[in-house]
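Below is one structure, written out as structure tokens, with a few remarks after it.
The values are calculated or read from the model by the stated rules, or taken from the named source; none is laboratory data. Treat the numbers as computed from the prediction; the structure is a model and nothing was measured. Glycine also receives a Cβ, built like all others from the backbone with ideal geometry; neighbour counts cover every protein chain displayed. In case anyone asks, the SASA skips ligands and DNA or RNA and just uses the protein heavy atoms, side chains included. Shrake-Rupley method; radii C 1.70, N 1.55, O 1.52, S 1.80 Å.
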Amino acid sequence: MGESTLRVGVLGAGAWARAAHVPGWHRDPRCKVVAICDVEVDRARDFARQFGIPEATDDWQALVARPDIDMIDVATPSHTHFELARAALEAGKHVLCEKPVAFDFRDTLRAAELARRQGLKTKLGFTFRHSPGVRYAKSLLDEGFVGTPFIFNGYEQNSQWLDPRTPLRQVDPDADQSVLQTSSLEGYGAPIIDIGHWWVGADYARVVGTMRNFIPERVVRATGTMMRLNIDDGDIFLGEYTNGAIGSIQTSYVTIGNYPGIEARIYGDKGAIICRLVEESGVAETIKVATPDAVEFKELAIPRRFYPPGGHARESWRSLFYANLIADFVDEIVEGGARNQGNFEDGARVQEVINAVERSFRERRWVDLPLVR
């Protein structure tokens, strides 16, 4: 391991760390995972054996405090993210954190400001902005293919929880079931809201939306029992961007379709792009384009340069997209410049939109952005 190798400590030894995070770190020769932490230490030890990680622990405070670690990867349950990310930043570590950093966008802004003061880089788990197809689409947008953007339509939806017997994660079984709890809007809305911001090149000026609970009783993973679970498992909102474009976002846990269920569409005065990130027929994603003089959408081949080393279209989207995310973060840290895309500031912008749509639904009205800080 060379002197310039970035040393990574991973918090959380769950399924997503196994399928995406740690394979992404292992794929980049510029970094090494030196420790894995989980509240269940036996799970951390099994994980360490599987991936050849030198240390397994259940003491996250000690791991974060280690002077020989450069970066902390937070892949734990959502309600723990803010405490862990803040502690890592205070300890002088760069931080990759799964979304959301915090449920209130103002906390995410505070974490972003802490990173700025510390001179540290942050990265959100906005997996889908790093897909080869989304990156290719962004390059076409930068080249002027779409021209002035008019409309953005975004979807993240699949049917993984259409069956109520499939245990649902990241929910609070003790929440007040007389009040609809935000779920899909946050878990599935964040990545596609982020792509919309990035592609349109503007923030939202105002939003209006609704949420619905379609399947009232489910098995909760935390308890293993069937119970009333009044969550948003489907939602839609409309928005107006500050540059004059308009958009719509739809997310759902119960809309029939395959993983990950992302589709982003952008229409402008010169062209249109549809990028579909859905594993179908063994292919992770497709991109199609049209122009005013050729209105039938045609599929494009995604150029090799948008793939990570060794990546290909028939690889699992989990490892394919995350390898690009990890490589991009390592690039930003090694280069040491100002570039830091998909960071905590971007996360705060996305969370602010989610909080605004929540308010719109509860108050049954349009909500202007930015919200009061």
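Could you compute the FRET efficiency for residue 150 and residue 221, with r as their C-beta to C-beta distance and R0 at 25 Å, rounded to 0.05? Each step should come with its number before you reach the end.
On the way: r = 42 Å, r/R0 = 1.67.
Between residue 150 and residue 221 the formula returns 0.05.
Once fully extended, how much extra length lies between residue 179 and residue 58, figured as 0.36 nm per residue of separation less the alpha-carbon to alpha-carbon distance?
Extra length available between residue 179 and residue 58 comes to 40.1 nm.
Please give the per residue volume of the convex hull enclosing the alpha carbon atoms of the stretch 115-235, rounded to a whole number of Å³.
176 Å³
If you average over every viewing direction, what projected area does the convex hull of the Cα atoms of the stretch 293-373 give, in nm²?
Reported value for the Cα convex hull: 10.4 nm².
Rounded to a whole number of µm²/s, how large is the Stokes-Einstein D of the chain at 4 °C and 1.567 mPa s, given Rh as the Kirkwood radius over C-alpha pairs?
For these conditions, the coefficient is 61 µm²/s.
Residue-wise, which Karplus ³J(HN,Hα) couplings in Hz belong to the stretch 359-373, taking 6.51 cos²θ - 1.76 cosθ + 1.60, θ = phi - 60°, and x for glycine or proline?
Values, residue by residue: 5, 4, 5, 6, 9, 6, 7, 5, 10, 7, 10, x, 6, 5, 6 Hz.
Relative to the Cα centre, what is the charge dipole magnitude of the stretch 38-89, using +1 at the beta carbon of each Lys and Arg, -1 at the beta carbon of each Asp and Glu, and rounding to the nearest 20 debye?
That gives the stretch 38-89 a dipole magnitude of about 80 debye.
Tell me, what are the semi-axes, in whole angstrom and largest first, of the equivalent ellipsoid of the stretch 239-299 as set by the roots of 5 times the Cα gyration tensor eigenvalues?
23, 19, 7
With the cut-off at 31 Å, tell me which of the pairs 123/288; 121/288; 99/138; 123/298 have Cα atoms farther apart than that. List each step's numbers first, then the result.
Details: 123/288 29 Å; 121/288 34 Å; 99/138 22 Å; 123/298 33 Å.
Among 123/288; 121/288; 99/138; 123/298, the Cα-Cα distance tops 31 Å for 121/288; 123/298.
Taking only protein heavy atoms into account and a 1.4 Å probe, give the accessible area per residue of the stretch 171-211 in Å².
30 Å²
Just the number: Rg to Rh for the stretch 37-165, Cα atoms, Kirkwood Rh, two decimals.
1.06
Could you give the length gained by full extension between residue 299 and residue 68, i.e. 0.36 nm per residue of separation minus their alpha carbon distance, to one decimal place? All intermediate terms of the calculation are to be shown ahead of the outcome.
On the way: separation 231, 0.36 × 231 = 83.16 nm, distance 4.73 nm.
The span from residue 299 to residue 68 would gain 78.4 nm if fully extended.
Placing +1 on the Cβ of each Lys and Arg and -1 on the Cβ of each Asp and Glu in the chain, which of 213, 281, 231 has its Cα farthest towards the positive end of the resulting dipole?
281
Rounded if a/c is under 1.5, else prolate if a/b beats b/c, else oblate: with a ≥ b ≥ c from the C-alpha gyration tensor eigenvalues square-rooted, which is the stretch 1-66? Can you show the working numbers first?
Numbers: a/c = 1.97, a/b = 1.29, b/c = 1.53.
The shape class here is oblate.
How many percent of the accessible area of the chain is carbon or sulfur, using a 1.4 Å probe?
Summing carbon and sulfur atoms, their accessible area is 51 percent of the total for the chain.
Suppose a student asked you for the relative contact order of the stretch 1-100, using Cα pairs under 8 Å spaced at least 6 residues apart; what percent would you report? Show your work: numbers first, answer last.
Values: 179 pairs, mean separation 28.9, N = 100.
Contact order relative to length: 29 percent.
How are the alpha carbon pair distances in the stretch 173-313 distributed across 5 Å bins from zero to the largest one, expressed in percent?
Calculated over all Cα pairs of the stretch 173-313, the distribution is 2, 8, 14, 16, 17, 15, 12, 8, 5, 3, 1, 0 percent.
Could you work out how much longer the chain between residue 166 and residue 283 gets when fully extended? Use 0.36 nm per residue separation minus the Cα distance between them, nm to one decimal.
39.6 nm
I need the trypsin sites (Lys or Arg not before Pro) found in the stretch 239-291, filtered to DSSP loop residues with at most 16 other beta carbons within 10 Å of theirs.
270
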